[in-house]
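Throughout, read-outs are computed from the coordinates displayed, never taken from laboratory work. Every value quoted in this text rests on a predicted model; they were computed, and no experiment measured them. Cβ atoms come from the backbone with ideal geometry, glycine included; neighbour counts cover every protein chain shown.
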Amino acid sequence: MTRLSDATLDRLPAAVARPGYDRARVARGIVHLGIGAFHRAHQALVFDRALAAGDLRWGVTGASLRSPQVADDMNPQDGLYTLVTRDGDGDRPQVIGAVGAVLVAPRDPAALVARMADAATHIVSLTVTEKGYRLDAAGQLLCGEADVAADLASLAAPRTAPGFVVAALAARRAAGIAPFTALSCDNLPGNGGRLRGAVLALAEAHDPALARWIADEGAFPETMVDRIVPATTAEDIAAFAAAHGVEDRALVTGEPFLQWVIEDRFCGPRPDFAAFGAQLTEAVAPWEEAKLRLLNGAHSALAYLGALSGLAFVHEVIAVPAFRAFVERLWDEAAASLSPPAGLDIARYRAELMARFANPALRHRTRQIAMDGSQKLPQRLLASLTWRTTRGLASPALALGVAAWMRWQAGTTDAGERVVVDDPLATRTAAIVAAGGDATARAGAMLALLGGDATLLPAIAAALATLERDGARAAVAGLA
Ligand code: CS2
């Protein structure tokens, strides 16, 4: 089977859109750390639009900080891949040409640092997931982690995302080159500030003058990113090959919706984001908060409750009337805690979100969303639950969402099927489950792991007891 590449691009049928610009002339103004499916379906599409409009500065050099898989899929394809946009009207495939080479950080850390330090690089963007910032809930560097300790000892071969940023900025400073803008695109409140905090802490440990230079001259804008991007399956790749006669091992799929809100604080050149589907603003926080507490909060709650009930996909969970009512209830509770930005109509946003969750073509797995819950729950569910609890407001839906994560740590569905708990704190939650005791003891110990306040415990412990006794479907129905 022919593999997608510059040389074979012409063999694709006309129904597949492709780059209309000369890829050979593209400069690589962006280095992206963490080039997974989300980046390829989101930011890379926006950069591709800039290239298509004739601003050829915004090609991307991708980097994987851990696995060589994406590089091995994309490099033989000259960085090309297809983005398939999916909804009830069918699939719309488009080949994206924005990405050039993909580097594998552990294979050759110096090559990645050199690329980031090159004067042609203006922006280093990141999707390294919540845990990739290497910070605890209080924003302190996790110095006890082996990779962080290694980067604190030496940046000759960095291991962490903040380590690469500091090493590259140090090289730029030494060469008299202005810093790049570091653009965090992860689902975290204050993502730019968190990245800045991690970078400055690490830089400070190596060279306080470097840290001062970064603080004075660098830029770490906040962003809010939104697009639902399920993990690509072998079936997706096989179906594309069967339909179009070309194999694309780097294909990604996503919903039609895309939103990117960016704080307009860059220390160097940037694309004309507003012309390519992103929004520039002075204040990202209210957008980020609404997205995290409504979309992601509901997502996480549905993921655990749905997966415990044996439901594999989000659209299947949403098709059950009691679960749909549960989501509305959770949104009623969470919405009260928000100060929505001008331009965000919460009622419309909720209606649109429900339709996005119901998109049957996406096949977004509940177990995919269930990953890394310990890193996600604080900003998605605990923040609104805490807001309400301090005001004496009951929040049964939010409490049930948090308790569902705790129930998931037992590693079995309600029907007794074993599941893998994929979470950096899985060893610790497993120990809490193994310690036995009652639901209150388990809920208390796990709440402490999340950094939640003890005043939240009674409601969560009651919800956990119901989940353990009656199962997720009954617990959800009991709320209605
Ligand atoms: C999801 C998000 O996996 C998850 O945790 O909640 O990836 C979600 O699909 C995106 O944030 C949507 O923008």
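Laid out as a table, the results:
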item	result
A150 paired with A53, simple spin-label distance in nm, labels 7 Å along Cα-to-beta-carbon	4.1
The chain, dipole about Cα centre (Lys/Arg Cβ +1, Asp/Glu Cβ -1), debye to the nearest 20	140
Spacing of the two label points (7 Å from each Cα toward its C-beta) at T390 and R418, in nm	4.3
Net charge of Cβ neighbours under 15 Å - reference A275; Lys, Arg +1; Asp, Glu -1	-1
Cβ-derived FRET efficiency at R0 30 Å, D72 paired with M371, nearest 0.05	0.85
Gyration tensor (Cα) of the stretch 314-452, equivalent ellipsoid semi-axes in angstrom	27, 20, 13
Share antiparallel - DSSP beta bridges, the chain, percent rounded to 5	40
Rounded to 10°, Cα long-axis angle of helix 439-450 versus longest principal axis of the chain	20
Relative contact order [Cα under 8 Å, 6+ residues apart], the stretch 179-324, whole percent	23
Cα-based shape type of the stretch 371-480, given that a ≥ b ≥ c are square roots of the gyration tensor eigenvalues and the cut on a/c is 1.5	oblate
Protection proxy ranking, peptides 163-175, 147-159, average beta carbon neighbours within 10 Å, highest first	163-175, 147-159
DSSP beta bridge pairing in the stretch 1-136, given as percent antiparallel to the nearest 5	40
The stretch 1-160: relative contact order as a whole-number percent, Cα under 8 Å and 6+ apart	25
Relative contact order (%) - criterion: Cα under 8 Å, at least six apart; region: the stretch 56-143	27
Debye-sum result for the stretch 1-84 in log10 I(q)/I(0), which assumes one identical scatterer on each alpha carbon, at q = 0.16, 0.22, 0.23, 0.24 Å⁻¹	-0.64, -1.23, -1.33, -1.42
Tensor-based shape of the stretch 429-468 (alpha-carbon gyration tensor, a/c under 1.5 rounded, otherwise prolate or oblate)	oblate
Nearest-ten-degree value, helix 297-308 long axis tilted from longest Cα axis of the chain	60
Two-decimal ratio, the chain, of alpha-carbon radius of gyration to 2.2 N^0.38 Å	0.98
Unit charges on C-beta of K, R, D, E only; dipole of the stretch 203-338, Debye	340
Residues F257 and L479, FRET efficiency given R0 of 35 Å [Cβ-Cβ distance, rounded to 0.05]	0.80
The stretch 227-340 pair-distance distribution - Cα-Cα, 10 Å bins, rounded %	11, 27, 30, 24, 8, 0
For peptides 193-200, 416-423, 58-65, sequence by mean Cβ density within 10 Å, most packed first	58-65, 193-200, 416-423
Shape call, the stretch 85-231: gyration tensor on alpha carbons, a/c limit 1.5	prolate
Low-density loop positions, GluC sites (Glu not before Pro), the stretch 186-294 - DSSP coil, at most 11 other Cβ in 10 Å	E282
Radius of gyration, Dmax [the stretch 149-231; alpha carbons; angstrom]	13.5, 43
Projected label distance in nm at A114 and A234, using a 7 Å step from Cα toward the beta-carbon	3.8
Dipole magnitude of the stretch 103-242 about its Cα centre (Cβ charges: Lys, Arg +1; Asp, Glu -1), debye to nearest 20	280
Residue (of V421, P458, Q368) at the positive-pole extreme of the stretch 331-473, dipole from beta-carbon charges	Q368
Cα long-axis angle, helix 457-470 against the chain (0 to 90 degrees, to the nearest 10)	80
Kirkwood hydrodynamic radius of the stretch 368-421, from inverse mean 1/r over distinct Cα pairs, in Å	12.2
Contour excess over end-to-end distance, with Cα ends at A178 and A205 and 0.36 nm allotted per residue	7.6 nm
Using a Förster distance of 45 Å, the FRET efficiency for R3-M354 (Cβ separation, nearest 0.05)	0.70
